[in-house]
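Presented below is the structure to which this report refers.
The values are calculated or read from the model by the stated rules, or taken from the named source; none is laboratory data. Computed from a predicted structure; not experimentally measured. Glycine also receives a Cβ, built like all others from the backbone with ideal geometry; neighbour counts cover every protein chain displayed. Protein only, heavy atoms only, side chains kept; ligands, DNA and RNA dropped before computing areas. Shrake-Rupley method; radii C 1.70, N 1.55, O 1.52, S 1.80 Å.
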Amino acid sequence: MLYIFRVDTGCMINLEMSLALETVTHLRNAVAATWGIPQDKQVLLISGGESLEPDERVCKYAAGSNDSNPIFLFSMASIENGSPPTVSQEEQGQERDLQPEVEASLSLPDTHQTVNVRAALAQDYVKISREQARVCEAAIGDQHLQHQGWASALANLEDSVTALERRHTRFLETFSVYLEKREHYREVIETFDEDLHILSKIPVLPSLVDGEQDSGHGSNGVSTSEGSRPSSAGLQASSSLTLLDWIQQAGNHSLEQVADSCYRSIEQLDPPLLESLSTKVTDCVKGAENKEMKEIKGLGDRLSGLEQLHLDAKRKVTEQQDLAAAFQQNQARASGLRDTSILPDLCASHKQQLQIGRAHV
C-alpha cells in the first residue's frame, strides 16, 4: 500500500501501491478523488521537506511505502479557509460498558456459576484494556506524524527562503549592472527611429534573398564559382526589398513594437522598483524566520505526556491480564475441588479484584 498522511486532520489513507510507478500528477488525481482536495490546493512533501514535482514518478521519492514514513499532504483549501477542518472519524463499534455487569455480579450468591461469571468479566476487562491501549497508541502515532509533517513543512520553508535569498542576491547584482547602463539604454532606444530609417534605405543583398545562392549552389544544383556575379533576376527581386523589411519578416513583431516595449520596460525598471522588491523579499524572509510561527508551543510536553499515558495504559493491560489469570486459576481450582466451602472466601476475593480491575479501565 501507498501511505498518504493528511497533516491538518491527522488521517492516514492507503492507496494502491501501483501509484508509486505513476507520476505525481497521477497521484494528485487519486488524492483529489479520495479526499476532494483540488490538485492546485495540494502540497505533497516527504520527510526532510522535499516537495514532490508533478512530472516525476512517485517511486523516485523514498517515502510512502510504510506508515512510519508516509507522504505528507497539506490542503491549502483548509489553510485558506481559516476555520479548523472537519475530521471524519471512522465508524467504531460501541464500547461495551461492563459497569452494570460488575455491579450485578457483586450481588450474586457464592456459587460455582458466580465464579464462572466473574472470570468471564475479568477476561472482558482484558479485551477492553487492550483495545483502549491500541487506540491510545494509534492516536499517539498520529500526533507524532503530524509533528513530523509540520517539521517537513518548516524544512521546505527554510529551503525556499534560502533559494529566495540566493535569487535575490543574483537579481540585485544584475539589476545594479542594469542601472549603471540604464541611461545608455535609454539613449539607444530614443535614437532607434534613426536606425530604422537607415535600415529602410538599405537594399537587401541578393544572397540573402536567394537561399540557394547563399549556400553556394545555383538553381540547377551545380556549385557556382566564388567570383561569379549574381544574376540580373536576383538583383531585380531584391531591388524592392529593404534590409528593414527582410529583418522584420523573420519575426511576429515589428522593430518599432520591440523598441516601444523596451522603452516601457526601461521606464518601469527604475530604482524605486528595486527598492520595493527588496523590501518585499526582506519582509518575506523575516516572516519565515518568525519563531512564533515556526514553533508549536508545548508540543514537546504534549508528546511526552502522551507517551507517559501510553506507558500507563500498557501497564494497566498487564495488571488486567494478571488479574484475569488469577480468576482463571481460582475458577479451575473451584471446578476441580468441587468443594463449596472455599467459595465464600474465593468470591470475597473476586469482589475486591473486580473493583480493582474496574478502577484500572
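Note the full-extension length gain between E103 and S254 as 0.36 nm times their separation in residues minus their Cα-Cα distance, in nm to one decimal. Write down the numbers at each step before the final one.
On the way: separation 151, 0.36 × 151 = 54.36 nm, distance 9.54 nm.
Separation in residues times 0.36 nm, less the Cα-Cα distance, equals 44.8 nm.
Counting only pairs 8 or more places apart or on different chains, how many lysine pairs in region 234-332 have C-alpha atoms closer than 22 Å? Lysine pairs meeting the criterion: 4. For the pair region 22-60 / region 152-188, the C-alpha centres are spaced 30 Å from each other.
Rounded to the nearest 0.05, the FRET efficiency derived from the C-beta distance between T111 and E137 at R0 = 25 Å is 0.05.
Taking the Cα centre of region 95-217 as origin, work out the dipole magnitude from +1 charges on Lys and Arg Cβ and -1 charges on Asp and Glu Cβ, in debye rounded to 20.
Numbers: 12 positive and 23 negative charges, 128 e Å.
Here region 95-217 has a charge dipole of around 620 debye.
The gain in end-to-end length when the L274 to M12 segment is fully stretched comes to 89.8 nm, 0.36 nm per residue minus the alpha carbon separation. Computed over all pairs of different Cα atoms, the Kirkwood value for the hydrodynamic radius of region 1-142 is 18.4 Å.
The candidates S18, S207, arranged from most to least accessible area with a 1.4 Å probe in the full protein assembly, appear as S18, S207. Annotation: M293 carries an accessible surface of approximately 90 Å², with a 1.4 Å probe and no ligand, DNA or RNA atoms counted.
A Förster distance of 45 Å, applied to the separation of the beta-carbon atoms of L303 and Q329, puts the FRET efficiency at 0.70.
Hey, can you rank 137-149, 119-131 by average C-beta count inside 10 Å, highest first? Present the calculation step by step, with values, prior to reporting the outcome.
Numbers: 137-149: 16.6, 119-131: 18.5.
Per-residue mean Cβ counts within 10 Å order the peptides as 119-131, 137-149.
3J(HN,Hα) along region 302-307: 5, 5, 5, x, 5, 4 Hz, from the Karplus curve 6.51 cos²θ - 1.76 cosθ + 1.60 with θ = phi - 60°, whole Hz, x for Gly and Pro. Legend: calculated FRET efficiency, R186 to M293, from the Cβ-Cβ distance at R0 = 51 Å, rounded to 0.05, equals 0.70.
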